[in-house]
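Shown next, in structure tokens, is the structure this report addresses.
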Amino acid sequence: MEQPHHRASPLLSLPGAVAAEAPDEGVAAHYGDLFREQRALADGTGFVDLSHRGVVTVTGDDRLSWLHLLLTQHVSELPPGRATEALILSAHGHIEHALHLVDDGATTWAHVEPGTEGALIAYLESMKFFYRVEVADATDDYAVVHLPAGSIAETPEGVVVRETPYGRDLFLPRAGLEEFARSHGPAAGTLALEALRVEAHRPRFGMETDHRTIPHELGWLDTAVHLQKGCYRGQETVARVHNLGRPPRRLVFLHLDGSEVKLPGHGAPVRLASDGPDGRQLGFVTTSARHHELGPIALALIKRNVPVDATLLADGTAAAQEVVVEP
């Protein structure tokens, strides 16, 4: 993955701010009280600075019909203001990009994982042909800010909003970030948002994915793939695996043994508890988090045929699994 090229957020100067690590460098992991920040988000208050994410815009009369040919999602008639998710796949159906989209009637806006915008734009540019579209990197001019579900905070006038069941993503002019923070506090860090994402079983590109992940393994068929739409790159794989119903791996939610001090990191091995810590690796931890109510939790990608009732070991820590993707 490319490295994000843009500056560190000015909100890292807020009291208590502790900088996040990869892949969220450039913004705050927390502001001194992880659980208070989580509870605030769960209660619909505060905001999260996601200004490190890439912002890509597509304009022109053909933008939606053109994107429809490239994305896994049905977007040719996407109404203004309706949020959606979409993927770009390789020819073999592996996930290459994940886009969080909204169209405002004149421009399609997408925010993407930090540092992936360059490769995404290069791909889109290579597919323009004779279509009336313009693709732009708007990351230097716009910052993504997240308001949690239930927030009654007002959106600044003229700001493009992407509203989902999980909250509102704002494409805020970057110059207005500090003013927004003053009027919309308290700020919550990315760790609080990630804990709520793990709780909701929602995959994130680059965390729950590797170079061979297909959408079926993560439950992305429900939100980011339209099974009735025609040709896009990788569609044959999507249709074949969907019809056979046997993706090689499946996403699981893990309740981790709370007596362990250390959370298993991204990529940590997952094994059957009955096989012990030296048993065969059956998958890997994708994201782990400390949750204000559930304690230590994680998402992991494991082989499809692992019994759903088996106790697992995540980097040696005992873990009970909850099914996210049916085997």
Q: Kindly write out, for region 281-288 in residue order, the coupling ³J(HN,Hα) from the Karplus curve 6.51 cos²θ - 1.76 cosθ + 1.60 (θ = phi - 60°), rounded to whole Hz, with x marking Gly and Pro.
A: 6, 10, x, 8, 6, 9, 9, 10
Q | Net length gained if the chain between residue 126 and residue 212 were fully extended (0.36 nm per residue, minus Cα distance) | A | 28.7 nm
Q | Nearest-0.05 FRET efficiency for residue 222 and residue 13, computed from C-beta distance (R0 25 Å) | A | 0.05
Q: Find the accessible area per residue for the chain; the probe is 1.4 Å, ligands and nucleic acids are left out, and the unit is Å².
A: 44
(Q) Considering only protein heavy atoms and a probe of 1.4 Å, how much of the accessible area of the chain is carbon and sulfur, as a whole percent? (A) 52
(Q) Order 145-157, 126-138 from most to least packed using the mean count of other Cβ atoms within 10 Å. (A) 145-157, 126-138
Q) Ranked from highest to lowest mean number of other Cβ atoms within 10 Å per residue, what is the order of the peptides 269-280, 315-326? A) 315-326, 269-280
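The values are calculated or read from the model by the stated rules, or taken from the named source; none is laboratory data. Everything numeric here is computed off the predicted structure, so don't read it as measured data. Positions of Cβ are backbone-derived with ideal geometry, glycine not excepted, and every protein chain shown enters the neighbour counts. What goes into the accessible areas is simple: the full protein's heavy atoms, side chains included, and nothing from ligands, DNA or RNA. Shrake-Rupley method; radii C 1.70, N 1.55, O 1.52, S 1.80 Å.
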